[in-house]
Amino acid sequence: SSTVTCIAVHGSSVFTGSHDRTAREFDRDSPHPTRVYSGHSPWVLALLPVQEEEQLWLYTASADRTCRQWSTDDGACVRAFTGHTSHVHCLFFSHPLGCLFSGGADSVALQWPADPDPKPNPNLNPNHHAGAPIAFRGHTKFVSGVIVLETGQTMITGSWDGTVCMWDVNRVLMTAQYNRHTGPIRSMLLCHEGWLYTCGDDRTVRGMELRSLMEAPVMRAHGSSVLGLCEKDGYLYSTGRNGQVVCHHGPTGKIEIAIELDRTVHAVAVKGFANLSRAVHTVLVAGAHGHAAQVMSQYTPGNQNVQDWKEAALEVLMEGTSESQLSQVLARKAQGVEGPPTSSKYLRSAQAMDYQSRQQKQERDEHKKQAGVQEEAAKEARVRRVAVEAAEAEVRQRVEM
């Protein structure tokens with residue numbers, strides 16, 4: 001089965017992209033795709049649903065060096081964007097500009113018109129000819145994230161070179177560069193409160209407030225590369241190469257909950273609502289072995305009830321699942337059995353305790369254990385030494401007599 005590389009939620013629909021060269025659309029409550037978008041040659045690496053008035057478009061990016069725009073009404077491809085010279089990894093749509101932005105392995109971010117023959121738009125860059133992309137060059141490696149602020153005047157990019165760059169869109173000019181990570185940046189996220197979060201191969205999630213450049217506490221919950229980010233109601237969800245899915249409280253970095261799956265998790269999406277200051281989330285992930293899955297349903301961040309979490313942790317596979325596997329999952333769900341018929345590893349603890357503190361405790365316990373063994377060995381050595389010294393003294397006394 002093919003790796004599912006990306007996942008996005010729009011309304012009641014869930015979109016996934018995969019190494020099988022397709023994007024798929026699901027109803028959130030069904031494991032069967034309602035539409036399949038086919039046209040890319042190799043892998044689909046990123047996707048982005050965009051609502052424009054009454055029309056919902058789906059944009060996809062691929063290792064075939066192109067981006068595509070699809071109608072969700074009939075699944076037809078209405079436009080292909082060609083201009084990158086290598087894999088295209090990330091997408092962003094700016095509504096003020098009416099433009100699609102993309103970034104790829106060619107170390108370049110491109111700005112595209114939303115239509116091959118755009119109508120006059122006073123906000124659009126005057127150098128932007130119909131159909132021709134504008135290139136933003138400055139990174140030395142793979143561009144893995146691109147975001148345009150609401151004004152349409154500033155673009156932010158993240159890269160495998162470990163830096164975040166700020167750009168003046170109208171002048172196509174880099175205005176600032178920040179060294180954020182000691183390794184490649186894998187994903188980037190801008191929250192409505194103005195916080196920019198990045199994650200990467202250095203196993204961290206890092207936040208920066210754009211106005212003041214104030215740093216958030218570094219989040220070190222993952223034991224491997226952090227690949228994906230998503231935010232909902234002030235809670236930040238991150239995914240890791242070793243199968244971890246972690247929910248942080250964004251402003252403080254405190255970990256609310258953490259689970260482990262038996263596969264790499266490339267991306268995460270959250271559907272939810274807030275009612276009377278109580279956030280309720282449904283969490284979906286995309287990962288290896290052809291799986292896109294709902295791993296948490298009706299989860300309330302901050303919930304300290306272990307039993308509630310176990311009930312919410314029932315996994316419903318949505319892709320790459322045979323009919324027999326699906327029937328097993330649904331049968332187990334009907335019987336109230338926790339977990340899928342796979343080897344997924346679930347919650348270690350539902351308390352507000354993160355991996356870092358737990359690992360530190362394990363390290364302390366191991367250190368104490370080793371110290372105890374060493375102390376016991378030292379005691380035995382002292383006893384043996386005292387016995388030898390006593391024997392030697394007794395021998396000397398006999399010789400002197």
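Ignoring ligands, DNA and RNA, what percent of the 1.4 Å accessible area of segment 1-93 is carbon and sulfur?
Exposed carbon and sulfur together represent 42 percent of the surface.
Using only the alpha carbons of segment 131-179, what is the convex hull's orientation-averaged projected area in square nanometres?
3.6 nm²
Which value, in Å², gives the accessible area per residue of segment 43-90 when a 1.4 Å probe is used on the protein heavy atoms?
Roughly 42 Å² per residue, with all protein chains present.
To the nearest 10 square angstrom, what accessible area does LYS368 show with a 1.4 Å probe?
Result for LYS368: roughly 140 Å² accessible.
If a/c stays under 1.5 just call it rounded; otherwise compare a/b with b/c (prolate if a/b is bigger, oblate if not). Do that for segment 1-61, with a ≥ b ≥ c from the square roots of the Cα gyration tensor eigenvalues.
Oblate.
What residues qualify as long-range amide H neighbours of TYR235, i.e. H under 5 Å apart, gap of 5 or more or another chain, H built at 1.01 Å from N?
Amide H neighbours of TYR235: GLY250.
Probe radius 1.4 Å, ligands and nucleic acids ignored: give me the carbon and sulfur share of the accessible area of segment 130-177 as a rounded percent.
49 percent
Quick check on packing: order 37-44, 370-377 by the mean number of other C-beta atoms within 10 Å, highest mean leading.
For the peptides 37-44, 370-377, the packing ranking is 37-44, 370-377.
If you put +1 on each Lys and Arg Cβ and -1 on each Asp and Glu Cβ, how big is the dipole of segment 203-275 around its Cα centre, in Debye rounded to 20?
Here the size comes out at about 140 debye.
Which FRET efficiency value, to the nearest 0.05, do you get for GLU52 and LYS254 by plugging their Cβ-Cβ distance into 1/(1 + (r/R0)^6) with R0 = 41 Å?
0.60
Could you compute the net charge surrounding ALA61? Neighbours are other residues with a C-beta less than 14 Å from the C-beta of ALA61; K and R count +1, D and E count -1.
+2
Within the set of other residues whose C-beta is less than 9 Å from the C-beta of HIS95, count the net charge using Lys and Arg as +1 and Asp and Glu as -1.
-2
With a ≥ b ≥ c taken as the square roots of the eigenvalues of the C-alpha gyration tensor of segment 1-115, please select rounded if a/c is under 1.5 and otherwise prolate if a/b is larger than b/c or oblate if it is not?
oblate
On average, how much accessible surface per residue is there in segment 227-266, in Å², for a 1.4 Å probe, leaving out ligands, DNA and RNA?
26 Å²
Computed on alpha carbon atoms, what radius of gyration and Dmax characterise segment 176-252, expressed in Å?
Cα only, segment 176-252: 11.4, 34 Å (Rg, Dmax).
Could you tell me the distance between the Cα centroids of segment 3-81 and segment 162-219, to the nearest Å?
When both Cα centres are located, 27 Å separates them.
Can you give the accessible area of CYS90, probe radius 1.4 Å, in Å² rounded to 10?
10 Å²
The values are calculated or read from the model by the stated rules, or taken from the named source; none is laboratory data. Quantities reported herein were computed from a predicted structural model and do not represent experimental measurements. Positions of Cβ are backbone-derived with ideal geometry, glycine not excepted, and every protein chain shown enters the neighbour counts. All accessible areas refer to the heavy atoms of the entire protein, side chains included, with ligands and DNA or RNA removed. Shrake-Rupley method; radii C 1.70, N 1.55, O 1.52, S 1.80 Å.
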